[in-house]
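Heads up, the thing below is written out as structure tokens.
The values are calculated or read from the model by the stated rules, or taken from the named source; none is laboratory data. Values in this document were obtained by computation on a predicted structure and should not be read as measured data. Because the Cβ atoms are built from the backbone with ideal geometry, glycine has one as well, and the counts that use them run over all protein chains shown. Surface accessibility is based on the protein's heavy atoms, side chains included, excluding ligands, DNA and RNA. Shrake-Rupley method; radii C 1.70, N 1.55, O 1.52, S 1.80 Å.
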Amino acid sequence: QVQLVESGGGLVQAGGSLRLSCAASGSISSIYVMGWYRQAPGKQRELVAAITSVGSTSYADSVKGRFTISRDNAKGTVSLQMNSLKPEDTAVYYCNAANFRGDYWGKGTLVTVSS
């Protein structure tokens, strides 16, 4: 089992920055992918960024060049540095971790970007 707790959401003006963090507990050594998803009102949950245990990263086209994902395997943490935020980045952001047993989710943290 893996438990995930997000932090760092909030309200920011367009053009500003926020840093989201996620702390995993439990079987953290079994995690091979960690990532961030987001869900805006009325929309489906979408992948924002992901990082494997060896540091390979992937990003949604909409955030490339603005967001950076990083991970500390030993601590079981994953962070998302979000720069040049836009109103369309407003959403609930969820931390995700995957191991051989399946996917695990945090409860989410709200990011609101005002224009």
- Which of the residues belonging to region 49-81 are part of a loop (DSSP other than H, G, I, E, B) and at negative phi? Ser53, Val54, Ser56, Ala60, Lys64, Arg66, Asn73, Ala74, Lys75
- Task: Report yes if Ala50 is within 17 Å of Asn99 (Cβ to Cβ), within 15 Å of the chain's Cα centre (by Cα), open to solvent by 40 Å² or more (accessible area, probe 1.4 Å) and modelled with pLDDT of 95 or more, otherwise no.
- Result: no
- Restricting attention to region 82-99, report how many residues are in a loop (DSSP other than H, G, I, E, B), out of contact with any Phe, Trp or Tyr (no Cβ under 8 Å at 6 or more places or on another chain) and not charged (D, E, K, R). 3
- Task: Please give the number of the condition Phe100 fails out of (1) loosely packed, with under 15 Cβ neighbours inside 10 Å; (2) of a type outside the set (Gly, Ala, Ser); (3) modelled with pLDDT of 95 or more.
- Result: (3)
- Message: With the requirement that a residue be within 16 Å of the chain's Cα centre (by Cα) and open to solvent by less than 50 Å² (accessible area, probe 1.4 Å), what does region 3-22 give you?
- Response: Leu4, Glu6, Gly8, Gly9, Gly10, Leu18, Leu20, Ser21, Cys22
- Output the qualifying pairs, or none if there are none: Cβ atoms under 6 angstrom, residues six or more apart or on different chains, first residue in region 71-91 and over 11 Å from Cys22 (Cβ atoms) and in contact (Cβ under 8 Å) with a residue 12 or more places away in the chain, second residue open to solvent by 50 Å² or more (accessible area, probe 1.4 Å) and in a strand (DSSP E or B). Gln81/Arg19; Gln81/Thr68; Ala91/Gln39
- Message: Looking at the structure I just gave you, is Ser115 of a type in the set (S, T, N, Q) and modelled with pLDDT of 95 or more?
- Response: no
- Task: Would you please name the residue that is surrounded by the fewest Cβ atoms within 10 Å (Cβ to Cβ), looking only at residues in region 59-90 that are in contact with a Ser or Thr (Cβ under 9 Å, 6 or more places away or on another chain) and among the small types (Gly, Ala, Ser)?
- Result: Gly65
